[in-house]
Amino acid sequence: MGQQPEAEPGWAVGIDAWLRGGGLVVTASDRAARALASAFHRARRAEGYTAWPAPNILDWKSFVHGAWEERTFDKGDGRLLLNPVQEQSLWAEIAGADGRLATLLEGPRHRLAGLAMEAHELLCSYAPRFLRPSSRIAWQQDAAAFSGWLAAFDETCRASNLLSTARLPLELISLLESEAARRPPLLLVGFDRILPVQRSLFDAWGAWQESVHGEPAGTLLFHEAADAQAELAACALWCSRQLAAHPRVRLLVVTEDASKRRSEIERAFLRHTGPASSPLFEFSLGVPLSQVALPHAAHLLLRWLSGPLAEHELDWLFSTGHAAANAQESAALQAHMRDLRRRSLQQPYWTFKAFIGQAPAKLLPGAWVERIIVAQRRLTEFAHRPSAAAGPLDWAELVPQLLDYIHFAAARPLSSAEFQAAHRWRQAVESCGSLGFDGRRIPWPDFLSVLARSLDETLFTPESRDAPIQITGPAESAGLAADAVWFLGASEDAWPAAGSTHPLLPPEVQRAAGMPHATPQLDWDLAHAITTRLLASSPEVHFSYAKQNEGVEARPSRLIEQLAGEAKELPPELKVPASPSPLTVPIEDLSRIPFPPGKVEGGADVLTNQSQCPFKAFATARLAAQGWEPAEAGLTPSQRGQLLHAVLHAVWGGSPEGIRTFAELQNLKEEDRSTFVAAHVRRALQQELRLHLRQRMPRRYLELEEQRLTKLVAEWLTYEATRIGFEVAETEVKHTVHISDLTLDLRLDRIDRLNDGSLLVIDYKSGDVSPKSWELPRPNDVQLPLYAAFAIDLDSEVLGGLVFAKVRAGNYEFAGFVGDARATLIKSLRGNRNLVKKPFSAELLLKWQDYIQQLAKDFLAGRAEVDPRNYPKTCERCGLHTLCRIRENQAQLEAEDESDGLTNPEAADE
Ligand code: SF4
């Protein structure tokens, strides 16, 4: 880049001179006004000044509002200027009164109200003559409905002395035309398109001119990247190089997708520009306030005072720390959540009462509980006070009090961005309070809904920290100048940006008035104006597009080709290698911390985990790390599994309630089996399902679950009735085993004595399992081999085999290894069944014994490598990836493998 950074382009010098002379500048947006003001102050500082008069810069809305107020303040216009919340509520009421299907529900009604506001504003800006009802007589269908709403809106405004902000420019034009006074000339900056109403207003004002574009960029390049990632990476790399070469350079990155791809863009820029004490880049586009942590947490807390929160919302709320008064309280709340899960008390929704009612609540900080109770009490008193029902303003005044009671966001000093977010939150609450302008009364839940909508619709942009790289959208870049610009996404489909016409206005009206997206030519003209302005805003401009976007072939933008010439492949220095540098730096850690010989909690899972991935065993058995099952409205798969085990344990538990032998099973007539099983199922549901679970599930749901389980177990018994004679030796029995120096407590589902006197180890499974998971080396599951090899006293007993009992509706079977399955298990087994083809053998048992011993030794030795036996399958249900960072490391390893031409032959295994 040959240009000296910080030298203002010619057009900017012209604006600066205008401002220095005290001239008034009107910008298209407040963002452009801020950028212009920053540039003005930078220039004065560069000139060595320490103080100077503020520049006279107003954005379009402030200009209109100020000029209107100036002219009506003394005369007492008397009308209330509606803010967006108030206006939308009026439109929603009018649309709701229409009684159309789409307006019956709150959500669609407010969406329609938003559309109606837009349509009204379009008419005000482009075709005010259609504000007269007589000009809309011929409008049909949806447009006719909107026309009716508009008439009702006008009538409401007239009757209640209200004024829509969209009408302000039209009102101002009349006022200006009735004045004889001379007004200062205006300089317009950043207007890519002057709307008809703007032009009329400026004409009524007096003298005005647009700032002239400077010389087009001397360096103009159009790049073609292989895909969107490569394009983004090239842009980020280019920015980092520009900064390295000229630390005071100012860069502008323009993209239509700035909101949609925000996180992706952030990652790419962080990767290439690296962390710095102050951020090197910032987005000039806002995000909805509902997506900003502090306002979102405040809204969740308010909701929790009077209703339930989803479990994941509560998790998130506690993780922010804003719900607590200090770090200890915050840690205690998170620990309480973990404790609830450990005790299997998770549930999809939590009211505050249910949350603190889960005894023992020893982990909950008493002061925190007390504060929430005080806030709840205050809310209840307020809602039930004997005087008139509360209005929005009353609720808005109550909100800060409630948050103060809770000590919201008091745990630590707020950052600058959080402080600004808190300020915007207060403004949003106040604007919801202003909904009481018509004297309405609303209940607390309705106020919370209005507040939620307001947070969704309010964009929040933290104050600019004047970062050297500004990332913005094409329209939003108006008024911004830079030393160099990069425009991302210049493909034929994306630029000019296409859009659709407004659904509530007749298309012919939109076309005639030149409203946005009414014709392709209008889109082209606007894109042309923006592109030309960008070309003149900097001495160096790069455009780029991706040849492949989400698997679809893309072509370069014709508009950019006309201005910048044919797209060329990215220069080699901007091609980023396929494997990005990882955020984590792998180091080979060969240190091992041995586990002291003795007992370890976790049973067979410890060695299964050691086989699946040594780190998993280390993290779960030694660090007590846990993945967790999210709560479900019904029973979770593991709760269903526990019930099944409990029922089968009771059925085979022997007298007085159960049976124990094949003969007893045969004595049970088929028609009596269901009744027999149903009694056990009922008892199991009573004993195994915690009271709170039974209470929160609908009775009908539990009845259906009872029927399902009864049928499942009865059918399983029918299958077992086809076996060769046997007797149940043990069920749900505990064994303590010692392997090397490791002691494990095991619980065996069932051990049967077969007709030849040998023992069969059985494990009930309701999921899809296969003995393939026991295959050496690195079995995916060692539970049954471990039972078979270590829990049976092989000095006094003979092992006949080990099997999964697959209790699955429509698919009842044994699967595993049995000495002679047709002689001891089921006579009718076909010869092609694995049970017959692959008999159990002593050699197999010995191999398992050796392997399991080695796993125990590895665990004791502290072997804890992150080494899943079959990535990514093994990791899918592990839940520890945030701890082991496998995803970051694996991405790097895969990229290396790819470049070496290696693939994972096991990928399809399991
Ligand atoms: S997620 Fe994968 S690599 Fe990480 S601990 Fe679990 S199994 Fe091991």
Task: Relative packing of peptides 43-51, 64-72 - highest average C-beta neighbours within 10 Å first - done: 64-72, 43-51
Open item on the list: Could you give each residue of the range 865-878 its phi-based ³J(HN,Hα) in whole Hz, using Karplus coefficients 6.51, -1.76, 1.60 with θ = phi - 60°, and x for Gly or Pro?
Closed with: 5, 7, 8, x, 5, 8, 6, x, 3, 4, 7, 4, 10, 7
Open item on the list: Here is the link list: Lys260/Lys575; Lys260/Lys873; Lys669/Lys838; Lys669/Lys837; Lys599/Lys838. Which ones come out longer than 26 Å on Cα distance?
Closed with: Lys260/Lys873; Lys669/Lys838; Lys669/Lys837; Lys599/Lys838
Open item on the list: Checking the a/c ratio against 1.5 first, then a/b against b/c, what shape does the Cα gyration tensor give for the range 382-476?
Closed with: oblate
Task: Equivalent ellipsoid semi-axes - Cα gyration tensor, the range 629-692, angstrom - done: 27, 11, 10
TODO: Would you kindly work out the equivalent ellipsoid of the range 727-791 from its C-alpha gyration tensor and give its semi-axes, the square roots of five times the eigenvalues, largest first in whole Å?
DONE: 20, 17, 12
Open item on the list: For a test of the definition: using alpha carbon positions, the gyration tensor, and the 1.5 limit on a/c, classify the range 442-600 as rounded, prolate or oblate.
Closed with: oblate
Task: Vicinal HN-Hα couplings computed from phi for the range 700-705 (Karplus, 6.51 cos²θ - 1.76 cosθ + 1.60; Hz; Gly/Pro x) - done: 4, 4, 5, 4, 5, 5
Open item on the list: With angles folded into 0 to 90 degrees, how steeply does helix 106-126 sit against the dominant principal axis of the chain? Use alpha carbons for both and round to 10.
Closed with: 20 degrees
Task: Interchain or long-range residues, amide H under 5 Å from Leu162's placed H - done: Leu80
Task: Interchain or long-range residues, amide H under 5 Å from Asn549's placed H - done: Ala554
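Report the local net charge at Ser758: Lys and Arg +1, Asp and Glu -1, summed over other residues whose C-beta lies under 10 Å from its C-beta.
Values: positive: Arg753; negative: Asp752, Asp756, Glu797, Asp820.
Summing Lys and Arg as +1 and Asp and Glu as -1 gives -3.
Near Pro503, within a Cβ-to-Cβ distance under 13 Å, what is the net charge of the other residues, with Lys and Arg +1 and Asp and Glu -1?
Once all neighbours under 13 Å are counted, the net charge is -1.
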Open item on the list: Nearest 10 degrees is fine. How inclined is helix 886-899 to the longest principal axis of the chain, computing both from alpha carbons?
Closed with: 90 degrees
Task: Per-residue HN-Hα couplings for the range 161-173 [Karplus 6.51, -1.76, 1.60; θ = phi - 60°; Hz; x = Gly/Pro] - done: 6, 10, 9, 6, 4, 5, 8, 4, x, 5, 4, 5, 4
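Using alpha-carbon pairs under 8 Å, 6+ residues apart, how would you state the relative contact order of the chain in percent?
Numbers: 1328 pairs, mean separation 118.5, N = 910.
For the chain, the relative contact order is 13 percent.
Could you work out the helix-only [θ] at 222 nm for the chain, with each DSSP H run of four or more residues adding -39,500 (n - 2.57) and the total divided by the number of residues, to the nearest 500 deg cm²/dmol? Can you show the working numbers first?
Details: 35 runs with 422 residues, N = 910.
It lands at -14500 deg cm²/dmol.
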Task: Expected-Rg normalisation [2.2 N^0.38 Å, Cα atoms] applied to the range 284-428 - done: 1.08
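At 1.4 Å probe size, with the rest of the protein present, what percent of the exposed accessible area of the range 221-312 is carbon and sulfur atoms? Intermediate values should be presented prior to the final figure.
Numbers: 1910 of 3660 Å².
The C+S portion of the solvent-accessible surface of the range 221-312 is 52 percent.
Just to verify a number: FRET efficiency for Ser841 and Val374, C-beta to C-beta distance, R0 = 56 Å, to 0.05? Provide the component values of the computation, followed by the final result.
On the way: r = 71 Å, r/R0 = 1.26.
E between Ser841 and Val374, to the nearest 0.05, is 0.20.
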Task: Ala729 long-range amide H proximity, modeled H, under 5 Å - done: Ile751, Asp752, Arg753
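Give me the percent of the accessible area of the range 83-165 that comes from carbon and sulfur atoms, probe 1.4 Å, all protein chains in place.
Working: 2270 of 4020 Å².
Of all accessible area on the range 83-165, carbon and sulfur atoms account for 57 percent.
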TODO: For the chain, would you read off the P(r) tail past 48 Å as a percentage of all alpha carbon pairs?
DONE: 45 percent
Task: Protection proxy ranking of 12-19, 136-143 - average other beta-carbon atoms within 10 Å, highest first - done: 12-19, 136-143
- [ ] Leaving ligands, DNA and RNA out of it, report the carbon-plus-sulfur percent of the accessible area of the range 788-844 at a 1.4 Å probe.
- [x] 46 percent
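What shape does the range 790-880 have by the C-alpha gyration tensor, where a ≥ b ≥ c are the square roots of the eigenvalues, rounded means a/c under 1.5, and otherwise prolate means a/b greater than b/c and oblate the rest?
On the way: a/c = 2.72, a/b = 1.44, b/c = 1.89.
Taking the square roots of the gyration eigenvalues as a ≥ b ≥ c, the range 790-880 is oblate.
What is the local net charge at Glu865, summed over the other residues whose Cβ is closer than 11 Å to its Cβ (Lys, Arg +1; Asp, Glu -1)? Show your work: numbers first, answer last.
Working: positive: Arg592, Lys616, Arg863; negative: Glu588, Asp589, Asp858, Asp867.
Every neighbour counted, the sum reads -1.
From the C-alpha gyration tensor of the range 674-766, pull out the three semi-axes of the equivalent ellipsoid (sqrt of 5λ each), sorted largest to smallest, in whole Å. Walk me through the numbers on the way to the answer.
Details: eigenvalues 187, 96, 16 Å².
Semi-axis lengths for the range 674-766 are 31, 22, 9 Å.
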Open item on the list: Can you give me the accessible area per residue for the chain, using a 1.4 Å probe, in Å²?
Closed with: 49 Å²
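If packing is taken as the average number of other Cβ atoms within 10 Å across a peptide's residues, how do 661-671, 244-254, 782-792 rank, most packed first? Don't jump to the answer; show the numbers that get you there.
On the way: 661-671: 13.1, 244-254: 18.5, 782-792: 24.3.
Taking the mean over residues of other Cβ atoms within 10 Å, the ranking is 782-792, 244-254, 661-671.
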- [ ] For Lys547, list the aspartates and glutamates whose Cα falls under 19 Å from its own Cα; do not include residues on the same chain fewer than 8 positions away.
- [x] Glu224, Asp227, Glu231, Glu256, Asp257, Glu264, Glu492, Asp493, Glu561, Glu566, Glu569, Glu573
Task: Percent RCO, i.e. relative contact order, over the range 635-721, from Cα pairs under 8 Å lying at least 6 residues apart - done: 36 percent
- [ ] Using a 1.4 Å probe and ignoring any ligands, DNA or RNA, find the accessible area of Asp768 and quote it in Å² to the nearest 10.
- [x] 120 Å²
TODO: State the antiparallel share, in %, of DSSP beta bridges confined to the chain, rounding to the nearest 5.
DONE: 40 percent
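The values are calculated or read from the model by the stated rules, or taken from the named source; none is laboratory data. The shown structure was predicted, so the numbers you read here are calculated from the model rather than taken from an experiment. All Cβ positions, even for glycine, are placed from backbone atoms using ideal geometry, and neighbour counts span all protein chains on display. With ligands, DNA and RNA removed, areas are computed over all heavy atoms of the protein, side chains included. Shrake-Rupley method; radii C 1.70, N 1.55, O 1.52, S 1.80 Å.
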